[in-house]
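Report on one structure; see the data block that follows.
The values are calculated or read from the model by the stated rules, or taken from the named source; none is laboratory data. Quick caveat, the model's predicted, so the values are computed rather than measured. Ideal geometry is used to build each Cβ from the backbone, glycine not excepted, and the neighbour counts take in all protein chains shown.
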């Protein structure tokens, strides 16, 4: 199917969706911990150790709750005009590894990529993005569809810069535990409204990590995938994309094993992995905003083309 036709299908499918985001006042960073040391089209370019330059921008430090708001309008968007029109039809959530091994170069690399992605997301969705960390929690209580402890409605690079300055990598890598806390309120919400799923905006959860999980994300993903299958949610309702930052071989192995193991579970296609590959990349390769969005776009288009959530190969490895 031509890409332009896919985008037209996006308009038809999501013309009346609602957004599930709401803002949270006084998102706190006071519990930050001291830092500790420690092949894919998503990886391109050379990272720079110093943080990127940030221009001062107007921002709202305490965002007012707005409740449910209508989905953005994508009328008139074509593939030639806007490569990332899909961002207007999905809520975008980032889950960032803040374990001790992320300190230093990897932390700056993720901050740089997120600083570039955030304005693109905001151009298509005024709510911006939501950001969670594996270990750090804000004081935000969340909402009926949002997990507590996140940072909501992040809209520009300046906010990303301040966020990464206030959170310090420390601790282990509880990927499964934190993924469960993010997925649970959303999946519970759509389960209660299973008779009207077309009105609920789908989500993409982008997980960026540099190491092996210290728990079992596979079991969590299988649990929620089966719930989505039970209520016959569309294939695109929830997408999870794992990206490796850095070139740690054990992290590469862990993500590939996750991809392979999920393929054997007979569940819906909702996971993609992008890992560092020593045959196509080297130590100078970096995670980039463009690379991340291209992988997410490919996953979205593939799932929109699916007519069934069953009997399909699991995910795609990049």
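Of the residues screened, residue 239 is not one that is part of a loop (DSSP other than H, G, I, E, B) and either modelled with pLDDT of 95 or more or buried (at least 22 other Cβ atoms within 10 Å of the Cβ) (or both). Among the residues of the range 220-236, which ones are closer than 14 Å to residue 202 by Cα, over 17 Å from the mean Cα position of the chain (by Cα) and outside any helix (DSSP H, G or I)? Answer for the range 220-236, where residues must be closer than 14 Å to residue 202 by Cα, over 17 Å from the mean Cα position of the chain (by Cα) and outside any helix (DSSP H, G or I): 232, 233, 234. If you check residue 293 against the conditions, is it in contact with a strand residue (DSSP E or B) (Cβ under 8 Å, 6 or more places away or on another chain), part of a helix (DSSP H, G or I), surrounded by 17 or more Cβ atoms within 10 Å (Cβ to Cβ) and at pLDDT 75 or above? No.
Table: residues versus (1) surrounded by fewer than 16 Cβ atoms within 10 Å (Cβ to Cβ); (2) touching a helix residue (DSSP H, G or I) at 6+ places or on another chain (Cβ under 7 Å); (3) in a loop (DSSP other than H, G, I, E, B).
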position	(1), (2), (3)
141	yes, no, yes
144	yes, yes, yes
153	no, no, no
161	no, yes, no
169	no, yes, yes
178	no, no, no
190	no, yes, no
204	no, yes, no
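Could you go through the range 97-115 and let me know if any residue there is at pLDDT below 95, in a loop (DSSP other than H, G, I, E, B), surrounded by 19 or more Cβ atoms within 10 Å (Cβ to Cβ) and touching a helix residue (DSSP H, G or I) at 6+ places or on another chain (Cβ under 8 Å). No, the range 97-115 contains no residue that is at pLDDT below 95, in a loop (DSSP other than H, G, I, E, B), surrounded by 19 or more Cβ atoms within 10 Å (Cβ to Cβ) and touching a helix residue (DSSP H, G or I) at 6+ places or on another chain (Cβ under 8 Å).
Cβ-Cβ contacts under 9 Å between residues 6 or more apart (or on different chains), taken from a first residue in the range 83-105 that is at positive phi to a second residue that is in a loop (DSSP other than H, G, I, E, B), are listed as 104/35; 104/37; 104/38; 104/49; 104/169.
Within the range 253-275, the set of residues being in contact with a strand residue (DSSP E or B) (Cβ under 6 Å, 6 or more places away or on another chain) and either closer than 27 Å to residue 200 by Cα or not in a strand (DSSP E or B) (or both) comprises 255, 259, 262, 270, 271, 272, 273, 275.
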